[in-house]
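Undergrad: The structure under discussion is supplied below as structure tokens; questions concerning it will follow.
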Amino acid sequence: MSSILTNNSAMNALSTLRNINSNLSNTQDRISSGLKVSSGKDNAAYFSISETMKGDSGMTKAVNEGLTLTKNVVSTGRLGAETISDLATEFVERVAFAQGEGVDRAEVQKELEALTKRMDGIIAQSTFNGSSMFYDAADATQATEITAVTGVTRDGAGAFQAPTTMTFGKVDMKAIATQLKTVNVETSTDLAADLQTAEAELGKSIDAATTLGVSEKTIETQQDFLTSLSDKLDSGIGSMVDADMEEEAARLQSLQVQQQLSTQALSIANQAPQNILSLFR
């Protein structure tokens, strides 16, 4: 039945056009923003998960940046310890030289004193941003270790847990320099014992440098892990909320064609009442 009051064909065509225009608008939004899930109304589950993962990624990157500061402190300490170890090696060599007959031990002693003074300077200078991996065991108020935050965790329900940490021990380089200062080849009555003392302190300086080297490597390994972890988190977020631009481009072209056809269909449907008038001519 045809009617000039109710045009069902036009209403159907208009409804179809509205749906196409809505889909076209959504597609254009995804193309302009690059996101298929930009709010909770798009996909509540994915939006919630992605927002949590974004927070985790941000915290992971912040922890990584904080570890860079810690690594710089440890790296500075390692450099200082290695330099002191080199000086201790030179100290042992000079004490060994003093063992020979006809050696001017007074001059050798001056060299030894110069070496220990250089050690004192390096100990004082081996700081980064006011922090040092060296401590003085004689001072009970000084901390013997540093603690660094290494990551963040969540439980099975997704609730945030306490951050993970690592502790790195400091080294007492001042004690090494102070023991070496007791060696005096000019006045010594037991040069062999002096050499043993120097060699013992050299061993301690090597151990200290090794300890700090291991700590620095540990931090670097953790940082590599955190970098990879944040990349994986970002990739996971992208797979949930990023729009597939090839798919959206194809959909856009399809919807544009549908829009044109639907507009034409609506135009044809709107002409139906005019056709009815021809029956009365």
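Undergrad: Which of the peptides 137-143, 180-186, 235-241, 202-208 is most tightly packed, and how do the rest follow, going by the mean number of other Cβ atoms within 10 Å of each residue?
TA: Answer by packing, highest mean first, reads 202-208, 180-186, 235-241, 137-143.
Undergrad: Also, I was wondering about something else. To the nearest 20 debye, what charge dipole does the chain have about its Cα centre, counting +1 at the Cβ of each Lys and Arg and -1 at the Cβ of each Asp and Glu?
TA: Approximately 2280 debye in magnitude.
Undergrad: Could you order peptides 256-263, 74-81, 210-217 by the average number of other Cβ atoms within 10 Å of their residues, highest first?
TA: 74-81, 210-217, 256-263
Undergrad: While we're here: Once both axes come from the Cα atoms, what is the angle between helix 8-33 and the longest principal axis of the chain, in degrees from 0 to 90, rounded to 10?
TA: 20
Undergrad: Let me ask something additional. Quick one: net charge of residue 31's neighbours, Cβ under 13 Å, K/R +1, D/E -1?
TA: -3
Undergrad: Here's another thing I want to ask about it. Answer with one residue from 75, 268, 38: the one whose Cα lies farthest towards the positive end of the charge dipole of the chain, charges on Cβ with Lys, Arg +1 and Asp, Glu -1.
TA: 268
Undergrad: Can I ask one more? I'm spelling it out carefully: the read-out is semi-axes √(5λ) of the Cα gyration tensor in Å, the candidates are (i) 39, 29, 17; (ii) 83, 17, 11; (iii) 26, 23, 17, and one was derived from this structure. Which label?
TA: After the calculation, the listed value that fits is (ii).
Undergrad: To continue, here is another question. Measuring from a point 7 Å past the Cα of residue 250 along Cα-to-C-beta, which residues in the range 26-66 have an amide N at less than 17 Å?
TA: The answer is 27-28, 31.
Undergrad: Taking the Cα atoms only, what angle lies between the long axis of helix 44-97 and the longest principal axis of the chain, rounded to 10 degrees?
TA: Taking the Cα atoms of the chain, the angle to 44-97 is about 20 degrees.
Undergrad: For the pair residue 138 and residue 113, what calculated FRET efficiency results from E = 1/(1 + (r/R0)^6), where r is the Cβ-Cβ distance and R0 = 25 Å, to the nearest 0.05?
TA: 0.75
Undergrad: Of 142, 188, 163, which is farthest on the positive side of the dipole of the range 124-259, counting Cα position, with +1 on Lys and Arg Cβ, -1 on Asp and Glu Cβ, and the Cα centre as origin?
TA: 142
Undergrad: Give 181/204; 36/232; 117/217; 71/110; 170/217 a once-over and call out the pairs whose C-alpha atoms are over 26 Å from each other.
TA: 117/217; 71/110
Undergrad: Sketch the reach of a paramagnetic label on residue 218 as a point 7 Å from Cα along Cα-to-Cβ, and name the residues of the range 162-200 whose backbone nitrogen lies under 12 Å away.
TA: Under 12 Å, as judged by backbone N against the label point of residue 218, lie 165-170 of the range 162-200.
Undergrad: Separate question: Between residue 164 and residue 129, with labels modelled 7 Å along Cα→Cβ, what's the label distance in nm to one decimal, could you check?
TA: 2.2
Read-outs: derived from the displayed coordinates by stated rules, not from any lab. Small disclaimer: the values here were computed from a predicted structure and weren't measured. Neighbour counts are summed over all protein chains in view; Cβ atoms, including those assigned to glycine, are modelled from backbone coordinates with ideal geometry.
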